[in-house]
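Right, one structure below, let's go through it.
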Amino acid sequence: MRSPRRKPAPASRVGRSSKKRAGSLAKKRPGAGSGVETSELEILRVPEWAQYDWLVHGFSTRSGGVSTAYRPGEHCGELNLGFTATDSREHVVRNRELFVRALIDAPGRAKRGADRRKTAETTLKLLRQIHSGLVHRAEALVDASVMSTEPGDMVRGDGMIATGPGMLLGIQTADCIPVLIVDVRQRIVAAFHAGWRGTLARIVERGVGRLRAEFGSQPGNLMAAIGPGIGPCCYSVGEEVQMEFRSQFCYADDLFQEVFDLDPIKEKYPMLFLTARAPGHSNLGPSLHLDLPEANRRQLLDAGLAPEKIHPLNLCTACDTKRFFSHRAEQGFTGRMLSAIGIRPASA
Ligand SMILES: [Zn+2]
């Protein structure tokens, strides 16, 4: 027996930053001498978090930026924020600058001059993500920063916690689930990378555990956002993944669903596909889909967060490759998005 699926939250739960404002920064700005036009830079935010003036957060999309590697011939560049083999380093650096500036210069903020100075004071902290349960103090990491740092120089891990201002904790994804957490009372922020292996390693639960044990965070003061990632609609996995989850979580069966993938050709001409294949190997058989966002929501609940303080964006990267980079849907030929959270430096 499978429990009924959760209904996705209404689209209004997802905060689209003022495209006008972010766009005004990025629009038609030639990228690093490339002459590429950029589209409007879209950042997704949690509307409920706008009340915290000291908090900076957002989830990038493909739009904005100067990269042309993944949609060659297109009029506008894209916002690839990861140093991938296909994209030029110069473009990624420029994209990171645009993204950080758009994040800091949040909608509705009046002091633009001060925000500009804060952009310069803010460093981007990144990890060499390895699908682990490892969580680090961001203060202890070198400034990976917008500019450089080879992956080999970066600290390995999948979670970061920061207690001070001036750092943006960035998680790179193209299907995996980014999770951002904030302790609104103590002004502590954290960011996590949760693919299926990291989820299995309880990266988010461990992260909240560290917030509680080392920083005295009370779960009642914690809020979380589950960003864009591959959804249960698209994430088919092997049975071995289900076995691994069953060995770790008593609620594992709630996270998997047998799905008959829609194929219009098969639907129209089913007889064509009724071949002499052995039972259990039919093309028409169901595939097993994993709900990674829900798995991480369960970990946040188990860690003590109130359901109303967990904000899943419910946006599937593989369903919408116009808007998001998706490793699965684009067979690995894709860029990376960044999900970032930080504490705004005090006014100068
Ligand atoms: Zn999907």
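Since every read-out is calculated from the coordinates, none of them should be taken as a lab result. Model, not experiment: these values are computed from the prediction. Reconstructed Cβ throughout: ideal geometry from the backbone, glycine too, with neighbour counts over all protein chains shown.
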Discussion item. What FRET efficiency comes out for residue 156 versus residue 269 if R0 is 45 angstrom and r is the Cβ-Cβ distance? Round to the nearest 0.05.
Written reply: 0.35
Discussion item. Could you work out how much longer the chain between residue 322 and residue 258 gets when fully extended? Use 0.36 nm per residue separation minus the Cα distance between them, nm to one decimal.
Written reply: 20.4 nm
Discussion item. Whole percent per 10 Å bin, from 0 to the bin with the longest distance: what is P(r) over all C-alpha pairs of region 287-348?
Written reply: 16, 34, 32, 15, 2, 0
Worksheet item: For residue 309, which aspartates and glutamates qualify as cross-link partners when the Cα separation must be under 16 Å and same-chain residues fewer than eight apart are set aside?
Response: 48, 183, 205, 294
